[in-house]
Each structure stands twice: as C-alpha cells, then as structure tokens.
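Here the structure is laid out as structure tokens; the discussion comes afterwards.
Just so you know, all these numbers are worked out from the coordinates, no wet-lab data involved. Please read these numbers as outputs of a predicted model, since none were measured by experiment. Quick reminder, even Gly has a Cβ in these numbers, built from the backbone with ideal geometry, and neighbours come from all protein chains shown.
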Amino acid sequence: NCPSLRTFQNGTIEKSEFVRATGEDEKRYYRITTAPIHGETGNVRYVLELIQDVTEEKTLQAQVVQASKLAAIGELASGVAHEINNPLSSISVCVEEMAELVRSDEADEQEILECIDNVRREIYRCKQITTGLLNFSRKEEPKRVPTDVNQVMKNVALLVRYRAELSRKQIRYEYGEDLPLILAHPDELAQVFLNILINALDFTPSGGQIEVKTALDGRSSLVVEVRDSGCGIAPRDLSRIFSPFFTTKPRGKGTGLGLSISKRIVERHGGTIEVESEKGKGTTVRIVLPTNGSRSPLNGTGIV
Ligand SMILES: Nc1ncnc2c1ncn2[C@@H]1O[C@H](COP(=O)(O)OP(=O)(O)OP(=O)(O)O)[C@@H](O)[C@H]1O
Ligand SMILES: [Mg+2]
C-alpha cells in the first residue's frame with residue numbers, strides 16, 4: 001500500500017493521507033502526492049514525492065462542520081424548547097393532581113401510581129430530547145458504533161416536528177422493519193438527516209407533504225429516502241448543489257454547506273447520496289449506506 005510504488009508500477013498520480021501523533025494530545029495530518037517522471041523510453045524513471053502538512057486544513061474543516069451543526073441547532077432551538085415544554089406542563093399537572101389526591105381523604109393508591117407513571121413517561125421524553133440534542137452538538141466521536149438508522153431518524157424527527165407543524169407541512173415516516181444495524185457515527189448521520197429534512201421543509205410550500213422512508217436495499221445496504229413536494233431544482237443547478245457555499249436561499253439565510261457536508265459524511269461511511277428533482281414538482285434525496293451484513297431487530301421504542 002505504498003503510493004510511490006504504485007506510481008512506479010502504474011505511472012499514475014497517487015494521493016494519500018496519514019496521521020502522526022506529535023505529542024500526547026497532538027496529531028498532525030499529512031498528504032502525500034506522488035507523480036511519475038518518465039524516462040526517454042516512456043517508462044517511469046523517477047517518482048516525485050510531495051508531502052504536505054494539512055493539519056490546519058483539517059482543523060478548519062472540522063470547525064466548519066461543527067459551526068454548521070450548531071447553526072442547525074440554533075434554528076431549531078425554539079422548536080426543541082416547545083417539545084420540552086409540553087411534557088413539563090404534563091408533569092406539573094400530574095404533580096398538582098397527586099398533591100390534591102394526597103391532601104384529600106380518599107387518596108387512592110392506584111390513582112397516585114398512575115400519576116407517577118405519567119410523570120415517569122414525560123421525564124423519559126424530556127430526557128430523550130435533551131440527550132439527542134447533546135449528542136448532536138458534541139464534536140464528532142472518533143469511533144464508529146453499531147447504529148440503528150431508524151432510531152437516528154426518530155431523534156431527528158423530534159427536532160424538526162415543531163418546525164413542520166408551524167409551517168403547516170406534513171412529514172410522513174415509513175420505517176423499514178428489521179433493518180440491520182450499521183457501523184456509523186450516529187451524530188454524523190443525524191446531521192445528514194437533519195440537513196436533508198430542513199432542506200425539504202425550507203423548499204416545500206405551506207401545506208406540502210414530505211415523505212421519509214427507510215428500507216433495505218438489496219443484501220448489503222440500506223436506503224434512506226426523503227421525498228418532498230416542493231419547488232424542485234432547476235436542471236442547471238442540479239450539478240452544483242453539492243458544492244460548498246452553493247445556495248439559492250436569500251442572502252444571509254443559508255450557508256450552502258448543508259449538502260456538501262452531508263455528502264462528505266455519507267461518503268466517509270462508504271455510502272452514496274443522490275438527488276433527483278423536477279422543477280415545480282419536488283425533490284427526492286436518496287442515501288444508500290452499506291451494512292456490515294449482521295441483522296438485528298429493532299427494539300421498537302421510537303417515540304415519534
Ligand atoms: N429539497 C430541496 N428542494 C429544492 N432545492 C433544494 C433542496 N435541497 C437542496 N436544494 C438546493 O440546493 C442548495 C444547496 O443546499 P444546501 O443544503 O447545501 O444549502 P442551503 O440549504 O442553501 O443552506 P443551509 O443548508 O446552510 O441552510 C439549496 O440552496 C437549494 O437551491
Ligand atoms: Mg440546507
């Protein structure tokens with residue numbers, strides 16, 4: 001797996017990257033480019049090797065990803081606050097009811113237990129929302145873990161629900177059953193799903209429909225599809241939507257980074273992302289992710 005050797009053998013220009021620990025908590029990233037220099041007979045005579053220190057580039061990239069994540073969360077903050085307010089109100093009602101029951105003479109143990117159950121359920125709901133948010137805003141974890149794509153989507157669904165409700169757009173979810181777990185960064189996948197769903201919401205007029213579907217795709221991959229009935233993308237823009245900073249949103253509204261970051265994340269997971277669109281009719285984003293072949297049933301604890 002030596003780039004110089006490959007260049008020597010095939011005459012191709014090769015690029016690869018490696019990382020070196022330079023201190024306890026410090027790493028530096030290097031990019032090697034090798035190019036052939038041909039002799040008179042056309043064979044490869046020398047190999048030119050260029051080593052670049054790309055640590056700053058990597059750091060900046062990570063900062064951009066983190067900043068766009070936080071921006072997405074910022075946009076959703078009011079919705080999330082609302083999602084937490086509802087269970088809090090129920091908890092407060094339940095607690096009042098319990099106090100009332102205890103004060104009155106006819107305190108019925110069964111009724112009190114029911115109230116406690118309600119409170120437990122609502123606390124669980126709040127915890128899921130805040131945990132989802134905390135996980136999402138965390139800087140990316142270096143390790144991939146077995147991940148339930150449906151659960152990731154359910155957490156994201158919770159974050160966008162209020163925004164959809166406010167703008168009178170309906171999101172329908174169709175979760176594939178018995179999907180295998182995949183080896184992934186759940187927070188990064190959440191970021192991708194969030195970007196795609198926010199796009200679908202932003203580019204769909206009030207009253208529109210969005211369909212989200214997860215399913216197996218053949219034997220060794222699964223597919224996540226988000227279909228909207230929005231304004232669609234003009235053919236000449238379709239080739240540019242994955243470029244960083246390409247946006248058709250009004251000035252100051254969009255960064256144009258959502259799709260380019262999503263593409264990078266999906267490709268780092270060995271997957272693909274494709275967009276099909278017809279102006280005026282709607283857009284479908286299709287993400288295909290490889291599975292590691294192991295099948296594991298879902299636990300069915302989704303709360304959306
Ligand atoms: N579902 C969609 N319907 C119509 N156009 C879309 C859709 N998704 C993406 N686009 C087009 O692709 C462009 C780039 O999308 P991207 O998510 O990268 O950036 P953005 O949405 O403009 O900005 P940001 O993600 O920061 O809010 C959008 O400006 C829009 O023109
Ligand atoms: Mg976007």
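Side notes on the structure shown:
- Residue order, fewest to most beta carbons within 10 Å, for 216, 70: 70, 216
- Pairwise Cα separations in the chain fall into 10 Å bins from 0 onward with the following percentages, short to long: 5, 20, 26, 21, 14, 7, 3, 1, 1, 0, 0.
- Judged by the mean number of other Cβ atoms found within 10 Å, the most tightly packed of the peptides 284-290, 189-195, 113-119, 24-30 leads the ranking 189-195, 284-290, 113-119, 24-30.
- Base-10 log of normalised Debye intensity for region 3-53 (one unit scatterer per alpha-carbon) at q = 0.17, 0.23, 0.26 Å⁻¹: -0.54, -0.76, -0.87
- Helix 186-202 vs. the chain, principal-axis angle (Cα, 0 to 90°, nearest 10): 80 degrees
- Within a Gaussian network of the chain (alpha carbon springs, distance under 10 Å), most fluctuating of 264, 163, 103: 103
- Taken over region 180-226, the convex hull of the Cα atoms encloses 74 Å³ per residue.
- A simple packing score, the average count of other Cβ atoms within 10 Å per residue, orders the peptides 59-65, 73-79 as 73-79, 59-65, with the highest score first.
- For the residue pairs 169/279; 169/281; 27/69; 15/213; 69/127; 127/154, the alpha carbons lie more than 26 Å apart in 15/213.
- With R₀ fixed at 41 Å, the C-beta to C-beta distance from residue 183 to residue 102 puts the FRET efficiency at about 0.20.
- Efficiency of FRET between residue 73 and residue 166 - r from beta-carbon atoms, R0 22 angstrom, step 0.05: 0.85
- Residues in region 33-64 that a label on residue 16 would reach, taking backbone N under 16 Å of a point 7 Å out along Cα→Cβ: 33-36, 47-52
- Taking the number of Cβ atoms within 10 Å of each Cβ as an exposure proxy, the fewest-first ranking of 269, 38, 82 is 38, 82, 269.
- Per-peptide average of other Cβ atoms within 10 Å, ordering 168-174, 31-37 highest first: 31-37, 168-174
- When the P(r) of region 217-264 is calculated, the portion above 18 Å amounts to 45% of the C-alpha pairs.
- Straightening the chain between residue 58 and residue 2 buys 17.9 nm, computed as 0.36 nm per residue apart minus the Cα-Cα spacing.
- Distance from the Cα centroid of region 178-221 to that of region 1-32 is 34 Å (rounded to whole angstrom).
- Separation between Cα centres of region 247-285 and region 60-77, rounded to whole Å: 16 Å
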